[in-house]
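Report on the following structure.
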Amino acid sequence: MTDIRITVNGEARSVSGDRPHERLLDWLRDEGLTGAKEGCAEGECGACAVLVAKDDGRGGTRWTAVNACLPPTLAFDGQEVVTSEGLGEPATPISEGRLHEVQREMAVRGGSQCGYCTPGFICSMAAEFYREDRTPVAGTATPANDGTASADAAADASAAGDCPVHDEHLEGANGFDLHSLSGNLCRCTGYRAIRDAAFALGEPEADDPFARRRALAAPAPVATRVRTTGGTRRQPHEAEFTRPATLAEALELYAANPDAQLVAGSTDAGVESNIRGTRPQRVIAIDRIDELRTLERGDDAIVIGAALTLSEAERALDGTVPLLAELFPLFASRLIRNAATLGGNLGTGSPIGDSAPVLLALGAELVLASAEGERTVPLAEYFTGYRQTVRVPGELIKAVRIPLPLATKTAFFKVAKRRFDDISSVAAGFAVDVVDGTVVSARIGLGGVAATPIRATATEQALVGREWSIETAARAAEALAAEGTPLDDMRASSAYRSAVLGQLLMKFWARAEGPTLTRTTEGAR
Ligand SMILES: Cc1cc2nc3c(=O)[nH]c(=O)nc-3n(C[C@H](O)[C@H](O)[C@H](O)COP(=O)(O)OP(=O)(O)OC[C@H]3O[C@@H](n4cnc5c(N)ncnc54)[C@H](O)[C@@H]3O)c2cc1C
Ligand code: FES
Ligand code: FES
């Protein structure tokens, strides 16, 4: 067994390894660090959020907030974690202590009542406070960093309307993106005071240790192997957790143990463990294998490593694949996206995973790898039944390949009960090319309307070769409403799902053609 050590709030601590399924949150709390709380154990509330020092892709560190209730403790071997206790300095008999800027703003602006959610908010807020590309909106004063600045002034400045991308509800004058808090729920304070605290934050001081730490490399991945046997007859502990150093090692291990559970971000696997009590005998962690964490742009394709987190992929793509740029903000919360991967989303084979409709519309292929070698499979042929795929034992998703050029008219719509951080009732990705007024290609990916994500082939046929007009869109919308075999469940009725599908095509058409119509109308005025 390797010696498991995690640096928490600057202090290296040993992990016994005799509880291989223990979640990071439980271990931290057992260590006496009870700031992080358990609210839901499902990644929904953010009460458990902590900061992790992650590679920023440029040789430095990015402070990244993640849920501690989902990943196994062993996944943090050799890593550096900061909890709410590690920000600021606690009072001692000889000193009054010092609040971190984020803690002080939350306190002075009334951002905390019962306080249960507060440590999680503090960690998410601190990650955004230290985001290196957080840039104050030009021409607005950055509030002083002494707790006296007016958050209203900051909010007002952001509402000045000079810059259309700086929506006052989403981003403060200090560049603080409120979506960074989308995974944190508060049941008593009300979000106005929390927003005020976020928008009142200034810049980190030059000697701020967390700011300085950003220039240094994040901890490198550590190969980990923990095998435990023991426990009681009723609750045997026999289990193994392995973090292979390379893809070749991972594939060899997976070939020898095809029943092992792969884990990447653990945002699905953690829920399975917490809520359904799954305790796989063997876990192979693949989230830090370099070969699965690349993003390559060629002339004919963009290839995204299966274990890049969604936040990392979002930053690396920087809007160059508009369909993915639409997907990311609607996928869970920032806390979840900081850990979740495309490989994990497709690995579940779920019919309601949000990446599949987008990737189907993009005509994506999956690079599957096993000890036998690699093969490339169109995503449209990957799903074979409810949570079943063409993957054979010992095979994992290495990368997602998006062919170029991209279609010119695209859109992703996710229909859910809440706009953010919710599971889709229906999701649809559209990608259409129009040449001289005629549709020359159409790909439509759907989720939530069948046992697997599907291509809406009848609708695609109703579009291709036809004039790109509202009449064609209306005929295709009828075809789309009849696609799939939607079910009734607690999220939506089958009738609702079908009705909404047709509407989504009309919405796509209106959005694709809307600006043209607006210009014509204005011109006529
Ligand atoms: C609060 C919350 C909100 C969520 N919101 C959304 C949402 O809006 N949309 C959505 O689609 N999903 C959502 N999810 C589900 C989840 O976050 C995604 O499915 C995520 O992409 C899973 O990635 P992961 O790396 O965490 O997977 P893990 O949990 O590590 O693994 C999930 C499964 O995939 C397998 N797997 C992992 N990597 C690979 C690989 N490379 N090859 C083959 N198999 C692999 C694992 O064995 C496991 O069975 C949400 C989850 C939570 C907890
Ligand atoms: S306890 Fe709710 S997100 Fe972790
Ligand atoms: S302060 Fe009570 S839940 Fe947020």
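Quote the FRET efficiency, to the nearest 0.05, computed for Asp177 versus Glu238 with a Förster distance R0 of 45 Å and r equal to the Cβ-Cβ distance.
Numbers: r = 45 Å, r/R0 = 1.00.
Approximately 0.50, to the nearest 0.05.
Give, in nm to one decimal, the length gained when the segment between Arg98 and Arg192 is fully stretched (0.36 nm per residue of separation minus the Cα-Cα distance). Please report the intermediate quantities before stating the final value.
Numbers: separation 94, 0.36 × 94 = 33.84 nm, distance 2.49 nm.
Contour length minus Cα-Cα distance gives 31.4 nm.
May I ask what percent, to the nearest 5, of DSSP beta bridges between residues of the chain are antiparallel? Before the final figure, lay out the partial values.
Working: 65 of 73 bridges.
Bridges in the chain that DSSP calls antiparallel: roughly 90 percent.
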**Study point:** Inter-site label distance for Ala215 and Gln113 at 7 Å from Cα along Cβ, in nm
**Key:** 4.4
Exercise for review: Show me 119-125, 53-59, 458-464, 341-347 ranked by packing, highest mean number of other Cβ atoms within 10 Å first.
Suggested key: 119-125, 341-347, 458-464, 53-59
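Would you kindly state how much longer the chain becomes between Asp208 and Arg419 on full extension, computed as 0.36 nm times their sequence separation minus their alpha carbon distance, in nm to one decimal? Present the calculation step by step, with values, prior to reporting the outcome.
Numbers: separation 211, 0.36 × 211 = 75.96 nm, distance 3.61 nm.
Full extension from Asp208 to Arg419 adds 72.4 nm.
How much mean residue ellipticity at 222 nm does the chain get from its helices, if each DSSP H run of length 4 or more adds -39500 (n - 2.57) and you divide by all residues, to the nearest 500 deg cm²/dmol? Write out the running numbers ahead of the final one.
Working: 16 runs with 151 residues, N = 525.
About -8500 deg cm²/dmol.
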Review point. In which sequence would Arg334, Arg279 go, from the one with the fewest C-beta neighbours within 10 Å to the one with the most?
Key: Arg279, Arg334
Review point. So how far, in whole Å, is the C-alpha centre of region 431-447 from the one of region 27-90?
Key: 44
Practice item. Express the relative contact order of region 1-141 as a whole percentage, based on alpha carbon pairs under 8 Å and six or more residues apart in sequence. Key: 27
Revision key, fill the gap. For Glu238, other-chain or 5+-apart residues with amide H closer than 5 Å (H placed, Pro excluded) are Gly230
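Between rounded, prolate and oblate, where does the chain land on the alpha carbon gyration tensor, with a ≥ b ≥ c its root eigenvalues, rounded for a/c under 1.5, else prolate if a/b exceeds b/c? Spell out each step's value before the answer.
On the way: a/c = 1.94, a/b = 1.19, b/c = 1.62.
Since a/c reaches 1.5 but b/c is at least a/b, the shape of the chain is classed as oblate.
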Point to revise | region 49-128 - charge dipole about Cα centre, Lys and Arg +1 at Cβ, Asp and Glu -1, debye rounded to 20 | key: 160
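Counting other beta carbons within 10 Å of each Cβ, put Ser180, Ser469, Ser266 in order, fewest first. Walk me through the numbers before you get to the answer.
Values: Ser180 22, Ser469 14, Ser266 27.
Result, fewest neighbours first: Ser469, Ser180, Ser266.
Quick one: of Lys37/Lys414; Lys409/Lys507; Lys37/Lys417, which pairs are farther than 24 Å apart, Cα to Cα? Mind dumping the intermediate values first?
Values: Lys37/Lys414 31 Å; Lys409/Lys507 13 Å; Lys37/Lys417 26 Å.
Beyond 24 Å between Cα atoms: Lys37/Lys414; Lys37/Lys417.
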Review point. Using the count of nearby Cβ atoms within 10 Å as a rough guide to exposure, how do Glu471, Glu42, Glu314 rank from fewest to most?
Key: Glu471, Glu42, Glu314
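For Val435 and Glu374 in one chain, what is 0.36 nm times their gap in residues minus the Cα-Cα distance, to one decimal in nm? Don't jump to the answer; show the numbers that get you there.
On the way: separation 61, 0.36 × 61 = 21.96 nm, distance 3.64 nm.
Using 0.36 nm per residue and subtracting the Cα-Cα distance, I get 18.3 nm.
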Exercise for review: Please report the relative contact order for region 279-435, taking Cα pairs under 8 Å with a sequence separation of at least 6, and give it as a percent rounded to a whole number.
Suggested key: 25
Check your understanding: Residue farthest toward the positive end of the dipole of the chain, with Cβ of Lys/Arg at +1 and Asp/Glu at -1: which of Leu330, Ala269, Ile194?
Key -> Ala269
Check your understanding: Toward the positive end of the charge dipole of the chain, about the Cα centre and with charges on Cβ (Lys, Arg +1; Asp, Glu -1), which of Thr92, Phe420, Gly447 goes farthest?
Key -> Gly447
Revision key, fill the gap. With label points set 7 Å from each Cα along the Cα-to-Cβ direction at Asp133 and Gln461, the distance between them in nm comes to 4.3
Check your understanding: Ordered by residue, what ³J(HN,Hα) values in Hz, to whole numbers, does region 399-408 give under the Karplus form 6.51 cos²θ - 1.76 cosθ + 1.60, where θ = phi - 60° and Gly and Pro are x?
Key -> 7, 10, 10, 10, x, 10, x, 7, 5, 8
**Study point:** Simple spin-label estimate for Ser469 and Leu404 in nanometres, 7 Å along Cα-Cβ
**Key:** 3.6
Study note, to complete from the structure: Given Cβ charges of +1 for Lys and Arg and -1 for Asp and Glu, the option among Ser350, Ala211, Ala68 whose Cα lies farthest towards the positive end of the dipole of the chain is Ser350
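Work out the length of the dipole vector of the chain about its Cα centre, built from +1 on the beta-carbon of each Lys and Arg and -1 on the beta-carbon of each Asp and Glu, and round it to the nearest 20 debye.
Numbers: 54 positive and 71 negative charges, 220 e Å.
Its charge dipole is roughly 1060 debye.
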Check your understanding: Please state the relative contact order of the chain as a whole percent: Cα pairs under 8 Å, 6+ residues apart?
Key -> 11
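Only the coordinates and a few stated rules stand behind these numbers; no lab work does. Model, not experiment: these values are computed from the prediction. Neighbour counts are summed over all protein chains in view; Cβ atoms, including those assigned to glycine, are modelled from backbone coordinates with ideal geometry.
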